[in-house]
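Right, one structure below, let's go through it.
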Amino acid sequence: LVCHYRKGGVWCSQFDGSRVVSGSTDRSLRVWDVETGNCFYVLEGHSSTVRCMAMIGNTVVSGSRDATLRVWDIESGQCTQTLQGHLAAVRCVKYDGKVVVSGAYDFLVKVWSPEDGVCLHTLQGHTNRVYSLQFDGIHIVSGSLDTSIRVWKAETGQCLHTLTGHQSLTSGMELKGNILVSGNADSTVKVWDISTGRCVHTLQGENKHQSAVTSLQFTKDFVVTSSDDGTVKLWDLKNGEFIRNLVSLDSGGSGGVVWRVKCSDRKVVCAVGSRNGIEDTKLIVLDYDVY
């Protein structure tokens with residue numbers, strides 16, 4: 001199934017089984033039928049690129065380079081609220097069905113009520129752009145170009161911990177319970193306990209990634225990471241030890257990149273491409289057996 005745009009590139013998307021919502025450089029969101037490829041609605045209102053979105057049920061929250069967020073009812077195609085308060089582009093957004101959390105290039109994280117558009121908290125402390133967020137309803141975790149990761153209490157906006165140790169931008173994180181795994185442009189991956197603020201493991205050594213970490217996921221036993229170096233690596237979550245490469249592109253190091261990974265306990269899907277055309281754009285699906 002291919003959903004065609006007349007103009008503009010797609011920056012972000014969400015999928016709920018029957019519908020895909022996409023956000024574009026043409027400033028719109030589009031709601032698509034997965035079965036037919038038909039476009040239900042074109043959602044217009046942003047004045048610049050739609051850079052990020054979150055979706056639960058019929059509600060989509062979009063963040064834009066116009067420094068606003070919008071709340072949409074994709075059943076009716078209506079914008080139900082505009083969230084205004086950021087002073088620069090909104091780069092990341094999370095939504096749990098009750099509260100919206102956004103991170104922006106103004107160095108701020110904001111917590112919003114999507115019902116009435118009120119900003120509940122403004123979380124200040126980062127000294128550079130906020131690029132990534134995790135939110136579990138209790139804790140907010142923000143990653144910034146200032147190299148730090150901050151852990152906040154969602155209810156009060158209090159900063160509980162500042163996690164330091166990475167040397168560059170934290171571009172990807174995943175939070176489950178008290179365990180946070182972060183991937184960084186410095187080529188390392190770190191495992192943290194957010195209840196104490198302690199770094200439990202740094203996934204590095206002779207088998208570490210040789211370039212920026214592009215994405216990651218973890219299960220109860222393992223961490224799966226991908227990188228600009230063209231590899232996908234499998235690590236032991238409990239002891240931080242390298243297990244093996246799941247993917248190693250021949251073009252790795254000369255342009256081949258694994259952009260994203262999504263995994264379950266035994267399967268991993270890898271989105272592969274390149275910056276220079278040396279590697280075809282494709283998906284690699286693997287069944288992996290650790291032992």
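The values are calculated or read from the model by the stated rules, or taken from the named source; none is laboratory data. Values in this document were obtained by computation on a predicted structure and should not be read as measured data. Counting neighbours? That spans all protein chains shown, and the Cβs are built from the backbone with ideal geometry, glycine included. SASA here: full protein model, heavy atoms, side chains in, ligands and nucleic acids out. Shrake-Rupley method; radii C 1.70, N 1.55, O 1.52, S 1.80 Å.
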Dipole check, the chain, charges on Cβ (K,R +1; D,E -1), about Cα centroid: among GLY103, HIS209, THR225 the Cα furthest to the positive pole belongs to GLY103
For GLY165, what charge total do you get from the other residues with a beta carbon under 12 Å from its beta carbon, if Lys and Arg give +1 and Asp and Glu give -1? +1
Straight-line reach from LYS238: which lysines fall under 22 Å, measuring Cα to Cα and dropping same-chain residues less than 8 apart? LYS176, LYS190, LYS208, LYS220, LYS262, LYS267
FRET efficiency, 1/(1 + (r/R0)^6) with R0 22 Å, evaluated for ASP16 and GLU115 via beta carbons: 0.55
Would you mind counting up the charge near VAL101? Only other residues with Cβ under 10 Å from its Cβ, with Lys and Arg at +1 and Asp and Glu at -1. +1
So who's got an amide H within less than 5 Å of the one on SER64, skipping anything under 5 residues away but keeping other chains? H placed 1.01 Å off N, in plane. ARG51, VAL90
Which residues' amide hydrogens lie under 5 Å from the amide hydrogen of VAL247, considering only partners 5 or more residues apart or on another chain, with H built in the peptide plane? VAL232
So for segment 16-131, averaging the separation of alpha carbon pairs under 8 Å that are six or more residues apart and normalising by length, what relative contact order in percent results? 16 percent
Segment 5-67 to segment 170-227: how many Å between their Cα centroids? 29 Å
Using a probe of 1.4 angstrom, how much of the accessible area of segment 193-268 is carbon and sulfur, in percent? 45 percent
Ordering SER226, SER248 by the accessible surface of their heavy atoms, 1.4 Å probe, largest first, yields SER248, SER226
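Can you bin segment 127-204 into rounded, prolate or oblate? Criterion: square roots of the alpha carbon gyration tensor eigenvalues sorted a ≥ b ≥ c, rounded for a/c under 1.5, prolate for a/b above b/c, oblate for the rest.
Because a/c hits 1.5 or more and a/b fails to exceed b/c, segment 127-204 counts as oblate.
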Averaged per residue, what accessible area in Å² does segment 95-193 show with a 1.4 Å probe, protein chains only? 38 Å²
Step through the residues of segment 179-196 one at a time and calculate ³J(HN,Hα) from phi using the Karplus curve (6.51 cos²θ - 1.76 cosθ + 1.60, θ = phi - 60°), rounding each to whole Hz and writing x for Gly and Pro. 9, 10, 10, 10, x, 9, 5, 7, 5, 9, 10, 10, 10, 10, 9, 6, 6, 10
Counting only residues 5 or more apart in sequence or on a different chain, those whose built amide H sits under 5 Å from that of THR147 are THR170
Between the alpha carbon centres of segment 101-135 and segment 233-291 the gap in Å comes to 32 Å
Relative contact order (percent, whole number), the chain, Cα cutoff 8 Å, 6+ residue spacing: 7 percent
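Can you give the longest run of the chain that contains no trypsin sites (Lys or Arg not before Pro) sitting in a DSSP loop with at most 16 other Cβ atoms inside 10 Å?
99-219
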Phi angles of segment 54-65, converted by Karplus (6.51 cos²θ - 1.76 cosθ + 1.60, θ = phi - 60°) into ³J(HN,Hα) in whole Hz with x for Gly and Pro, give 9, 9, 9, x, 8, 9, 10, 10, 10, x, 10, 5
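Answer rounded, prolate or oblate for the chain, using the Cα gyration tensor with square roots of eigenvalues a ≥ b ≥ c: rounded when a/c is under 1.5, else prolate when a/b is larger than b/c, else oblate.
It is oblate, given that a/c is not under 1.5 and a/b is not larger than b/c.
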What number, in percent, do you get for the relative contact order of segment 72-225 if the mean sequence gap of Cα pairs under 8 Å and at least 6 apart is divided by its residue count? 12 percent
What is the percent carbon and sulfur in the accessible area of segment 1-113, measuring with a 1.4 Å probe over the protein chains and ignoring ligands? 45 percent
Report the net charge of residues surrounding SER132, where surrounding means a beta-carbon distance below 13 angstrom and charges are Lys +1, Arg +1, Asp -1, Glu -1. +3
